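One structure, as structure tokens, below. Some questions next.
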Amino acid sequence: REESGKKQPRAAARQPGKAEAGKSESSSEIESDDSGEMRLEYQEKQKREATELDSDESEYDEIQVVFDSFNPKEEDFHGMKLFLLNFLDGAEYNSSELCDLVLEQSGTVGTVVKVKDEEEVYGLMSVISMKANRDKECLKQIRDFILSKSSKQASASIQSIFDSTNTNVGLIVSERMINMPQDMAVPLINSLFDEIEGAKKAKSGETYKFDKFVILTQVLKPHDEERAEKPKKQKKKEAEQGDIVYLKAEDEVYSSHADLQFDFPMSSKQGEDGLFWYGKVMILSANKVNAVKKGVVELIGDEAYRNQLDHD
């Protein structure tokens, strides 16, 4: 890493990003310049009606926003906390302590995303060892929340994983703006798992030798009750087409490789257009990391990253 705190990406990705549905057409571009700075140039083209000569043609206003990847710093505390306040579906927990844990690891593991030359946090990604920090209040609260939302069968399996002294579980903390370009997932995922690999070689490397990861995220989908009332053939067709909307590209890939997963209806958010907010918990074995990295690249469709992973 450079002294400025900016991170150096592994490769350059060039792929259209997705803006908030119905609001704009957008494209994004991740670049690596000579200084090793990771940049995501997000060009948003907002359509407006032409006013000259009663023309039916449309014009586009270009707004360029550059996202940079940084090591988390103290000044990012409140920005990170805003993202993490609703981490447990509005339930109260020690979110400040979770932010502190992210900051304590800065320089080893963890990323915040900001707009160039601005201080506002637009996203963060890190991983916390639930084994090394088992006495932290926030992790006890997160553990209890996950167990309270799971079925009896899933709860028993998850509790055995959490309770095992031989299993180092990493809590992946990943939050960002909903309409951030999906191709941000590629450098963020690669950075996270590359940092974990690098951290294993340090004196405190045991902390980062994870056996499993737990992911707590949010998705949109029809109510389970509504799906249950539909004919079996229709439910099968919807399942094949995919009736879950993943807000972060990597979550879809985690789901396809998860050892265990379950959803639960959220109470803090209201749905619309037949889709409702659900919390989603996934348990992922550490030996699936390479498959996840490759899967994210394939999902987003970046040839440069795919070729790089093939040579790793």
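Can you tell me which of (1) surrounded by 16 or more Cβ atoms within 10 Å (Cβ to Cβ); (2) modelled with pLDDT of 80 or more; (3) under 25 Å from ASP194 (Cβ atoms) is the one ASN290 doesn't meet?
Only one criterion is unmet by ASN290, namely (1).
Give the residue, chosen from ILE178, ILE215, ILE189, ILE196, that is among the β-branched types (Val, Ile, Thr) and in contact with a strand residue (DSSP E or B) (Cβ under 6 Å, 6 or more places away or on another chain).
Of the residues listed, the single one that is among the β-branched types (Val, Ile, Thr) and in contact with a strand residue (DSSP E or B) (Cβ under 6 Å, 6 or more places away or on another chain) is ILE215.
Quick check on this structure: which one of TYR122, TYR93 is in contact with a strand residue (DSSP E or B) (Cβ under 7 Å, 6 or more places away or on another chain), among the hydroxyl-bearing types (Ser, Thr, Tyr) and modelled with pLDDT of 95 or more?
Unique residue meeting the criteria: TYR122.
Does ASP251 satisfy being more than 16 Å from the chain's Cα centre (by Cα) and modelled with pLDDT of 95 or more?
no
I'd like to verify a number: residues in segment 117-138 that are over 22 Å from the mean Cα position of the chain (by Cα) and of a type in the set (A, V, I, L, M, F, W, C), how many?
1
Restricting the search to segment 142-183, which residues are closer than 14 Å to ASP251 by Cα and part of a helix (DSSP H, G or I)?
GLN182, ASP183 - these are the residues of segment 142-183 that are closer than 14 Å to ASP251 by Cα and part of a helix (DSSP H, G or I).
Any chance segment 149-157 includes a residue that's touching a Ser or Thr at 6+ places or on another chain (Cβ under 8 Å) and within 23 Å of GLU92 (Cβ to Cβ)?
No, every residue in segment 149-157 fails to be touching a Ser or Thr at 6+ places or on another chain (Cβ under 8 Å) and within 23 Å of GLU92 (Cβ to Cβ).
Which residues, counting only those in segment 117-161, are among the basic types (Lys, Arg) and closer than 19 Å to GLU175 by Cα?
Within segment 117-161, just ARG143 meets the criteria.
Any residue in segment 68-96 that is assigned to a helix (DSSP H, G or I) sitting within a Cβ distance under 6 Å of a residue that is of a type in the set (D, E, K, R) and modelled with pLDDT of 95 or more? List the pairs, counting only those 6 or more apart or interchain.
Cβ pairs passing all conditions: PHE83/GLU175; SER95/LYS81.
Limited to segment 205-220, what total is found for residues that are modelled with pLDDT under 95 and among the charged types (D, E, K, R)?
1
Here's another thing I want to ask about it. Kindly list the number of the only condition in (1) over 22 Å from LEU260 (Cβ atoms); (2) at pLDDT 95 or above; (3) hydrophobic (A, V, I, L, M, F, W, C); (4) in a helix (DSSP H, G or I) that fails for VAL186.
Of the numbered conditions (1) over 22 Å from LEU260 (Cβ atoms); (2) at pLDDT 95 or above; (3) hydrophobic (A, V, I, L, M, F, W, C); (4) in a helix (DSSP H, G or I), the odd one out for VAL186 is (2).
The values are calculated or read from the model by the stated rules, or taken from the named source; none is laboratory data. Here the structure is a predicted model, which is why all the values come from computation and not from measurement. Virtual Cβ from ideal backbone geometry, glycine too; neighbours counted across all protein chains shown.
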